[in-house]
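Take a look at the structure set out below.
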Amino acid sequence: MIDVSRTYDMGTSTVMALDGINLSVSRGEFLAVVGPSGSGKSTLLNLIGGLDRPSEGRVRVLGSDLSNLSEEEMTRFRRENVGMVFQFFHLIPHLNALDNIMISRMFEADCSVERALRLLDQLGLKDRMSHLPGELSGGEQQRVSLARALFNEPDILLADEPTGNVDTKMGSSIVKLLKDQKKWGRTIILVSHDMNVAREADRIVELKDGRVVPG
Amino acid sequence: MSEPCVTPFRIKTYSCTDLYRQYNSGGQILGTVKRPVRAGGYILRLLERNWGRGMLTILAVTVGVAFLVVFASLNSGIQDHLENRAVAENDPKVAQHYEDLGEIVSKWVMVLLAVASLLVMLSVGNAILISLSQRKKELAILRAVGISRGQIVQLVVAEAAVLSLYGFILGASLGACLSVLFDWMFTNGIGTSALVGPSLVTPGVVLMAALVSVGMGSLVSLPLAVSASRVEPVEIFRGEV
């Protein structure tokens, strides 16, 4: 990220979520981003994941300058390169666990149900495949969300407060699962306000008021 | 795991237990399935969840299509009858009168057909509008995981087409039954009209009803779908603390 700023127009005022961020993450690195609420952690993650675009500066991910991508290219970038895990899971409520995992491939010609089943198995959800999100516990929903993020075998895994809505034991399990992804050469960027979670990462970056706190 | 699975990738229902057993035994799970079928599974799940609203829409489309079929088939019967009377009539003034009458009836039937078509379009449009306003977050999730704007448009239009199709099937069946009933009543001297000939449900009438319901239903949902597809992926965070 080179001199990245993100401002939001709130009618009469402007909120600066990120202010001139410079950040570089190596391939295969596990990075934790910490900071208080409103420090810009989630905004940073959204920019790296191609969910949002910067107001100023450039975001280069896997050799692509995201600022220059068209809407269609950005969609393809998200589908093929990025897996995202959210605090509130964001599963489709009317689809069962298995369908939720495969949702990004709904329009694709190749879709491996076997891969989805393998993920369910690995994440201990094999008895939950036909359950709707509303029938699953928070931890189970987060694991389905993780399986969905991993389904496309992404190069980058982004996790926004993945332990924020699950109990401590499940939180540790989720972080361990994320950490396991390193062995596949995936870059993992985790956002958390919990230092115990962040300490599991290779490197910690702290944000405050939209800026990186010098380490 | 007795509950059946319906994936967005195939409509066919299968047991999750069987699926998992297949997986464990190393068998082939599923092959590639064609695109519309997969999107179809998603839409069926969606309609299943909102069955109440879906039923209301289908009912309104059914009524509209039934009206269309009855009016159109009655009109063809009336026109045939008046034409025959005009041809058989020796007095040119009376023959002209029959022709004029045919034109008037035809115009009024066109107005009724337009009202019925409007009912169909408004029902489908309203259902899709409400559905989309309640599913903004869901569409944002789809966008966030890599579903394109064009694909969202396809999903929404297909949803409208499915609702309209159900309405068309029910409405055309109901309309055909009513037309046959009216035909039977007129041929047996029940009812008031001595001006009505056989009111037949022709393939043309069915085609028109299909075009109006499925075609117009899909068409009216198109601008709504395009507008909904513009949702930004970051909308998924709206309302979160």
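Since every read-out is calculated from the coordinates, none of them should be taken as a lab result. None of the values given here were measured: they were computed from a predicted structure. Heads up, the Cβs are rebuilt from the backbone with ideal geometry, glycines too, and the neighbour counts pull from every protein chain shown.
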Cα-centred dipole magnitude for chain A, charges only on beta-carbon of K, R (+1) and D, E (-1), debye, nearest 20: 520 debye
Taking amide H positions as placed in the peptide plane 1.01 Å from N, state which residues far from A:PHE30 in sequence (5 or more) or on other chains have amide H under 5 Å from it. A:ILE188, A:ASP202, A:ARG203
Which distance in nm do the two modelled labels at A:MET16 and A:TRP184 give, with both placed 7 Å along the Cα-to-Cβ direction? 3.9 nm
Can you compute 3J(HN,Hα) from phi for each residue in region B:88-97, using the Karplus curve 6.51 cos²θ - 1.76 cosθ + 1.60 with θ = phi - 60°, rounded to whole Hz and x for Gly and Pro? 6, 7, 7, 6, x, 5, 5, 4, 4, 4
Find the Cα radius of gyration of region A:105-215, compare it with 2.2 N^0.38 Å by division, and give the number to two decimals. 1.17
Binned Cα-Cα distance frequencies in region A:2-212 - 5 Å width, integer %: 1, 7, 15, 19, 20, 16, 11, 7, 2, 0, 0
Under the definition of partner shielding as Cβ atoms of other protein chains within 10 Å of a residue Cβ, what is the mean value for peptide A:84-94? 5
Sorted by Cβ neighbour density within 10 Å, fewest at the top, the residues B:TYR42, A:TYR8: A:TYR8, B:TYR42
In nanometres, what is the gap between the two model label sites at A:GLU153 and A:LYS208, each 7 Å from Cα along Cα-to-Cβ? 4.3 nm
Check A:SER5: other-chain or 5+ apart residues with amide H under 5 Å from its amide H, H built from backbone geometry? A:GLY20, A:ILE21, A:SER55, A:GLU56, A:GLY57
Along the dipole axis of the protein assembly as shown (charges at Cβ: +1 for Lys and Arg, -1 for Asp and Glu; origin at the Cα centre), the most positive-end residue among B:SER164, B:VAL231, A:SER130 is A:SER130
Alpha-carbon spread of the protein assembly as shown, three principal axes, descending order, Å: 106, 59, 33
As a test of the formula, what do you get for chain A when each DSSP H run with n ≥ 4 contributes -39,500 (n - 2.57) and the sum is divided by the residue count, at 222 nm and rounded to the nearest 500 deg cm²/dmol? -9000 deg cm²/dmol
Burial ordering of B:GLU99, A:GLU161, fewest other beta-carbon atoms within 10 Å first: B:GLU99, A:GLU161
³J(HN,Hα), Karplus 6.51/-1.76/1.60, whole Hz, each residue of region B:61-67, x for Gly, Pro: 5, 4, 4, x, 5, 4, 4
